[in-house]
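The next block holds one structure in the form of structure tokens; read it before the comments.
The values are calculated or read from the model by the stated rules, or taken from the named source; none is laboratory data. Because the structure is a prediction, the values reported are computed rather than measured. Cβ atoms come from the backbone with ideal geometry, glycine included; neighbour counts cover every protein chain shown. The accessibility values were calculated without ligands, DNA or RNA, using every heavy atom of the protein model including side chains. Shrake-Rupley method; radii C 1.70, N 1.55, O 1.52, S 1.80 Å.
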Amino acid sequence: MNPSSGPIVGHRNAANDCSIGVDLGKTHLKFRLAHVIFCPYCFAIVSILTAGLMSVTLKDVALAARVSISTASRALGGSGLTSERTQQRLTRIARELGYRPNPIARGLKTGQSRLVGLLVHNLANASFQVMAEVVQARLKALGYQMLLCIAGDDPQLESDTLTTLADHRVDGLIVVPTGKNGARLTALANEIPIVCLVRRDDETDLETVLADDSEGAYVGTRYLIELGHRRIGIIVGRPDTTSGRERLSGYVRALREASVQVDDTLIHAGHFEPETGAASCRKLLDLAEPPSAIFVANHEATLGVLRVIAERGLSIPDDLSLLCYEHSPWFEWHRPAISIVDNGASDLANLAVDRLLHRMDAKGNGADGVREYRVGARLVKRDSCRPFDPSPRKSSATKSSRAKA
């Protein structure tokens, strides 16, 4: 310590430990030096607990350990270029000093930030929750930190978030695209490995991991047809999105194969939000001939549909059979337990991480030429669907009218 820093107010000698209080002139800022190691010519600071002083730097750690800055950097960076004993000693000293490496500075030096972005629309969708958990766990095990970003299915917010992630020099990015920023994603992919998840951006040629939504919706609709339902309402996402478009196509294909007429009044599409489900459900139930079954083909809409069913006092499945898309533990706990088409959110996330890590590896960055991967969907039968009863559903109509009154 430089004696000119201020007078020593207290000093307690010990073989390897002492405490020194220092009065820094007029500011009266004090700090405590602990575990001071003495040698014939100098001593090294091992721990600093400070108030009102600058944060501890790598230079401070090197000074305390009496090593060069480059040695401290190699030891704390885990490069393997220092002995295990030196690395352990530097790690201990850094911890006691309260040293925290600057990830931005380290990223500039190494070309790696150890940060990976995950950009999704919301966390109301149970699939996105599962995906975030899987991606976080996978990346953490490999020494990466995940930056979770929510764009709200808003193209402008998505564009702004992409800029922020690029500014933070993320090593890779998994994105559920809005489909409105293809040029931005394409340009960004020249600098950062990117994998699209759940949706395809038709303006790009980015590697994409998708659920087999068309087949999933086909299987779900066919199941309802096999139960005898012919008037099957469907609520899907926007037709300009991969999932919205493909799930509707699967529904239509199942109806046509069964020679069931496609009725446009039974088809409702809109934004991925609960209000879309609520508004669409009300319109379906208010038809002169309402559907005997409703297939809600996205999780967000399901929340609105269940609210309207409760408002109308309808009983599932006695008054209305209900089939939903995407798994949520809550659907299994609901009474009656809700039948679903599971899109395999965990498998989708795992595959997206695999593909991103592959692209982050310079040796395999898109070398295989594969641009799209699919994860199969599966039907999970529970208690919310029942065989169609052709007898008039008086209880349903009465309850619905009474609720509206």
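Flag not set for PRO387, criterion: open to solvent by 60 Å² or more (accessible area, probe 1.4 Å), in a loop (DSSP other than H, G, I, E, B) and modelled with pLDDT under 95.
Checked against (1) open to solvent by less than 10 Å² (accessible area, probe 1.4 Å); (2) at pLDDT 95 or above; (3) in contact with a helix residue (DSSP H, G or I) (Cβ under 8 Å, 6 or more places away or on another chain), LEU356 passes all but condition (3). Quick check on ASP201: is it out of contact with any Cys (no Cβ under 9 Å at 6 or more places or on another chain), of a type in the set (D, E, K, R), closer than 21 Å to LEU351 by Cβ and not in a helix (DSSP H, G or I)? Criteria met by ASP201.
Across the stretch 310-323, the qualifying residues are those that are under 23 Å from LEU227 (Cα atoms) and open to solvent by 10 Å² or more (accessible area, probe 1.4 Å), and the one among them that is farthest from the chain's Cα centre (by Cα) is ASP318. When GLU275 is tested against (1) surrounded by fewer than 21 Cβ atoms within 10 Å (Cβ to Cβ); (2) over 25 Å from VAL198 (Cα atoms); (3) at pLDDT 95 or above; (4) not hydrophobic (A, V, I, L, M, F, W, C), just one condition goes unmet, and that condition is (2).
Residues in the stretch 320-346 that are hydroxyl-bearing (Ser, Thr, Tyr) and within 20 Å of ARG374 (Cα to Cα): TYR325, SER346. Mind listing whichever residues of the stretch 113-152 are touching a residue at least 60 places away in the same chain (Cβ under 8 Å), open to solvent by 30 Å² or more (accessible area, probe 1.4 Å) and aliphatic (A, V, I, L, M)? Answer for the stretch 113-152, where residues must be touching a residue at least 60 places away in the same chain (Cβ under 8 Å), open to solvent by 30 Å² or more (accessible area, probe 1.4 Å) and aliphatic (A, V, I, L, M): ALA124, VAL130, LEU142. Hey, does the stretch 313-332 have a residue that's modelled with pLDDT of 95 or more and either of a type in the set (Lys, Arg) or closer than 22 Å to MET146 by Cβ (or both)? There is no residue in the stretch 313-332 that is modelled with pLDDT of 95 or more and either of a type in the set (Lys, Arg) or closer than 22 Å to MET146 by Cβ (or both).
Residue check: CYS196 meets all listed conditions (1) touching a residue at least 24 places away in the same chain (Cβ under 8 Å); (2) within 19 Å of GLU326 (Cα to Cα) but one, namely (1). Within the stretch 222-275, being small (Gly, Ala, Ser) and under 32 Å from the mean Cα position of the chain (by Cα) holds for GLY233, GLY237, SER243, GLY244, SER249, GLY250, ALA269, GLY270. Among the residues of the stretch 112-126, the one identified as of a type in the set (Gly, Ala, Ser) and modelled with pLDDT of 95 or more is GLY117. Taking every residue in the stretch 215-240 that is free of Cβ contacts under 8 Å to residues at least 60 places away in the same chain and pairing it with any residue that is crowded, with 24+ Cβ neighbours inside 10 Å and hydrophobic (A, V, I, L, M, F, W, C), at least 6 positions away or on another chain, the pairs with Cβ-Cβ distances below 9 Å are ILE225/ILE232. Residues that are more than 19 Å from PHE128 (Cβ to Cβ), crowded, with 16+ Cβ neighbours inside 10 Å and out of contact with any helix residue (DSSP H, G or I) (no Cβ under 9 Å at 6 or more places or on another chain) within the stretch 156-184 comprise just one, GLY182. Among the candidates LEU197, LEU227, the residue that is modelled with pLDDT of 95 or more and more than 15 Å from ASN343 (Cβ to Cβ) is uniquely LEU227.
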